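**Q** Let me give you the structure first, and then I'll get to my questions.
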Amino acid sequence: MSLVDKVVVITGGGSGMGQFAARQYAQQGSKVAILDVNEAGMSETCEGHTAIHSFRVDVTDLEQMRTAIDSIEADIGPIYRVMNCAAIMPFGKLVEQDPELQAKIMDINWKGLVNITHTALNKMLARNEGEFVSFASMAGLMPILLTGAYAASKAAVVFYTETLYHEHLSSNVKFACVCPPTVATPLLEQARPNWPKMLDAGKGDFLTPGEVIDSVESCIEQGKFWVFPNKDAKIGSLVRRLFPGLIWKQVHKTEGW
């Protein structure tokens, strides 16, 4: 379905995947609302796009989220699509990574999803239409060394979104769970100090945000819940289910510990 004149809400719209998606949908005629704490980034996203509206929202704060969603519905229009892109991605060995940072990763990456579910999705379900897109990660299906906290948060996104989908099979709201491998966005810089060799082993160039968004659109059009943007992601998800021990053997061999 075309998103022309539809209201699209994007969390994490101040950078990376959220920023790219916001600009693309605005160019295609959507009314876009972006939510983020990164005001400078949101200003950059909005530059040259009068159809993009920014809302300073901490996605971990339910009341801030509810206020923003209510304002969007009142002033811009009924929300048709949600793109939950907000995330942070610090890597590190679990026993060495600050436990408060680990909790923050879970709060932003998973609790933010919970909060937009209980604000925006409820309205979409009441209207019995719309599209709810969660950005998880292959890390949520296939964790490797040094990614534990991030992987745990994305695993929570995967199972939460999958359950939402099955709890509302009878509705006209479509759900999609996006599980890309590494994507070339500024988010990678948070992980660079503890970068696993496994993420570079046997890989070509990282995916671009555009490739991921194209895959999202294709899967939604086909009614597919799982979005695996390339062959590596599809194969990885299958191997993880069938041969989990083999994957860990390769991880340890690659990392050297």
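**Q** Could you please find all residues in the range 13-31 being touching a residue at least 24 places away in the same chain (Cβ under 8 Å) and in a helix (DSSP H, G or I)? Break it down into steps so the answer makes sense when it comes.
**A** Going through the range 13-31, the residues touching a residue at least 24 places away in the same chain (Cβ under 8 Å) turn out to be 13-24, 26, 28-31.
Residues satisfying the conditions are GLY16, MET17, GLY18, GLN19, PHE20, ALA21, ALA22, ARG23, GLN24, ALA26.
**Q** Is it fair to say ILE72 is buried (at least 20 other Cβ atoms within 10 Å of the Cβ), within 20 Å of LEU125 (Cα to Cα) and more than 20 Å from the chain's Cα centre (by Cα)?
**A** Yes; evaluated as a whole, the condition is true for this residue.
**Q** Determine which member of the set LYS197, LYS234, LYS224 is in contact with a Phe, Trp or Tyr (Cβ under 8 Å, 6 or more places away or on another chain) and of a type in the set (D, E, K, R). Break it down stepwise before answering.
**A** Numbers: LYS197 fails: in contact with a Phe, Trp or Tyr (Cβ under 8 Å, 6 or more places away or on another chain); LYS224 fails: in contact with a Phe, Trp or Tyr (Cβ under 8 Å, 6 or more places away or on another chain).
On inspection, the qualifying residue turns out to be LYS234.
**Q** When the residues of the range 188-222 are filtered to those that are touching a helix residue (DSSP H, G or I) at 6+ places or on another chain (Cβ under 6 Å) and among the aliphatic types (A, V, I, L, M), which remaining residue is modelled with the lowest pLDDT?
**A** Start the filter on the range 188-222 by keeping residues that are touching a helix residue (DSSP H, G or I) at 6+ places or on another chain (Cβ under 6 Å), which leaves 197-198, 201, 209, 213.
Still in the running and among the aliphatic types (A, V, I, L, M): 198, 201, 213.
On the way: MET198: 92, ALA201: 67, ILE213: 97.
Within the range 188-222, the match that is modelled with the lowest pLDDT is ALA201.
**Q** Moving on to the next point. Can you name the residue in the range 214-231 that is touching a strand residue (DSSP E or B) at 6+ places or on another chain (Cβ under 9 Å) and over 21 Å from GLN24 (Cβ atoms) and is also surrounded by the most Cβ atoms within 10 Å (Cβ to Cβ) among such residues? Write out each step before concluding.
**A** Restricting attention to the range 214-231, the residues satisfying the condition of being touching a strand residue (DSSP E or B) at 6+ places or on another chain (Cβ under 9 Å) are 215-216, 218-220, 223-230.
So of that shortlist, the ones also over 21 Å from GLN24 (Cβ atoms) come out as 223, 225-226.
Details: GLY223: 8, PHE225: 14, TRP226: 17.
Of everything passing the filter in the range 214-231, TRP226 is surrounded by the most Cβ atoms within 10 Å (Cβ to Cβ).
**Q** If you don't mind, another one. Out of the residues in the range 89-105 that are among the aliphatic types (A, V, I, L, M) and buried (at least 17 other Cβ atoms within 10 Å of the Cβ), which is nearest to VAL178 (Cα to Cα)? It would help to see each step written out before you state the result.
**A** From the range 89-105, those among the aliphatic types (A, V, I, L, M) are 89, 94-95, 101, 103, 105; that's our starting set.
Narrowing further to those that are buried (at least 17 other Cβ atoms within 10 Å of the Cβ): 89, 105.
Details: MET89: 16, ILE105: 18 Å.
The selected residue is MET89.
**Q** I've got another one for you. If you take just the strands (runs of 3 or more DSSP E) that sit entirely in the range 42-140, which of them hold at least 1 residues that are at pLDDT 95 or above and under 27 Å from HIS166 (Cα atoms)?
**A** On the way: elements: 52-56, 79-84, 130-135.
In the range 42-140, the matching strands (runs of 3 or more DSSP E) lie at 79-84, 130-135.
**Q** Moving to a separate point now. Quick check on the range 223-244. Is at least one of its residues more than 19 Å from GLY140 (Cβ to Cβ), touching a helix residue (DSSP H, G or I) at 6+ places or on another chain (Cβ under 8 Å) and either part of a helix (DSSP H, G or I) or without any contact (Cβ under 8 Å) to a residue 40 or more places away in the chain (or both)?
**A** So the first thing to find is which residues in the range 223-244 are more than 19 Å from GLY140 (Cβ to Cβ), and the list is 223.
Still in the list and also touching a helix residue (DSSP H, G or I) at 6+ places or on another chain (Cβ under 8 Å): none.
Taking every residue of the range 223-244 in turn, none turns out to be more than 19 Å from GLY140 (Cβ to Cβ), touching a helix residue (DSSP H, G or I) at 6+ places or on another chain (Cβ under 8 Å) and either part of a helix (DSSP H, G or I) or without any contact (Cβ under 8 Å) to a residue 40 or more places away in the chain (or both).
**Q** Among the numbered conditions (1) aliphatic (A, V, I, L, M); (2) under 19 Å from PHE132 (Cβ atoms); (3) part of a loop (DSSP other than H, G, I, E, B); (4) at pLDDT 95 or above, tell me where ILE34 comes up short.
**A** (3)
**Q** Counting only residues that are in contact with a Gly (Cβ under 6 Å, 6 or more places away or on another chain) and surrounded by 14 or more Cβ atoms within 10 Å (Cβ to Cβ), which one in the range 158-200 is farthest from ILE144 (Cα to Cα)? Lay out the reasoning, then the answer.
**A** In the first step, residues of the range 158-200 are kept if they are in contact with a Gly (Cβ under 6 Å, 6 or more places away or on another chain); the result is 158, 173, 185-187, 194.
Keeping just the survivors that are surrounded by 14 or more Cβ atoms within 10 Å (Cβ to Cβ) gives 158, 173, 185, 187, 194.
Details: VAL158: 16, VAL173: 33, THR185: 20, LEU187: 18, ASN194: 12 Å.
Among those that are in contact with a Gly (Cβ under 6 Å, 6 or more places away or on another chain) and surrounded by 14 or more Cβ atoms within 10 Å (Cβ to Cβ), it is VAL173.
The values are calculated or read from the model by the stated rules, or taken from the named source; none is laboratory data. All figures in this text were calculated on a predicted structure; none of them were measured in a lab. Because the Cβ atoms are built from the backbone with ideal geometry, glycine has one as well, and the counts that use them run over all protein chains shown.
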